[in-house]
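The values are calculated or read from the model by the stated rules, or taken from the named source; none is laboratory data. Quick caveat, the model's predicted, so the values are computed rather than measured. Here Cβ is always computed from backbone atoms with ideal geometry, including for glycine, and neighbour counts include all displayed protein chains. Accessible surface is based on the protein model in full, side chains and every heavy atom, while ligands, DNA and RNA are left aside. Shrake-Rupley method; radii C 1.70, N 1.55, O 1.52, S 1.80 Å.
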Amino acid sequence: PRASCLLTSRASPCARCCAATMLSRPASGSDRGGTRPPPRPPGELAEVDLSAKALGQRHLAAKNARLKSEQDRQLLANRIKRLVAEQEKAAKRIEETRRRTEQLRQLRERNMQHVQAQQEAHLFLHMERDVQRQQLSKVREERATKVAEARASVRESRTRDFHSRKQTQVEAEEALRRQKEAEERAASLKREAVRRAEAELAAKKQAERARHLEQLREREEEKRRELELRRARHAQTLAEMEAEEMKLIQSLTQCQDDQRTAFVELEALIREGVPGTRVGSAATPEPPGNRRLLALR
């Protein structure tokens, strides 16, 4: 009953399948590692099947019990591990709580020391301010006395300086007036000297300009005479060349006339004295002198 209860309630699906398979499969010699036995009668086979079924149930119950114990052991080990982990966490939390408590205690002590130091510093500052106020009031009184004395001294020195500056200004104005008069006299003399120098320079420049103009006029006149002389010489040379040209033209014309006369006589002699000559067969050539004469004309 316990095995069947374990099989039905706590066994896994895989265990149920294995148990059903083992119950349905008959036990054989090959499963136990022996040789196959000889065949038995049918009644004996029924008894063997019932004993094998009971053996399978017992084996399954033992296996389920072992699995149950393994599961219980694993669950117990897991619970122990969790308890140990929780104990360690609790110890860590306790240690952290103690550490934080110590830190808070130290922080409270530091805060109290800081507050006490602030109070002492505030008291010291208050006392120091009182001392500084007293010293400052004393310094202000001394400064006011010194300022009053300095103002009186400054007023006196300003009065002396004003009188001395006024006297110095009067003397400086007098010296400046004298210097200005001297500079004006010197400037007047310089202007007069400059005027004389400018007048002399202008006269000198005028004389130099007149002399230069006279030289230019003489040069131009000389150039004009030279050009006239060159023009006359050129005209004379041109007339002589024209006269010579006329002479040459007349001589050339006379030569052409003589040549033409000689050609006419030669033609007449040819017509009269040379037998077999056809008169008028060829034109009388023009003397070459006529062409040159025409070119010259």
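A few remarks follow.
- Selection status of ALA121, surrounded by 10 or more Cβ atoms within 10 Å (Cβ to Cβ), assigned to a helix (DSSP H, G or I), within 60 Å of the chain's Cα centre (by Cα) and among the small types (Gly, Ala, Ser): yes
- Exactly one residue out of LEU50, LEU75, LEU55 is out of contact with any Leu (no Cβ under 6 Å at 6 or more places or on another chain), at pLDDT 90 or above, part of a helix (DSSP H, G or I) and open to solvent by 80 Å² or more (accessible area, probe 1.4 Å), and it is LEU75.
- Filtering region 249-275 to residues that are touching a residue at least 24 places away in the same chain (Cβ under 8 Å) and out of contact with any helix residue (DSSP H, G or I) (no Cβ under 7 Å at 6 or more places or on another chain) leaves ARG260, PHE263.
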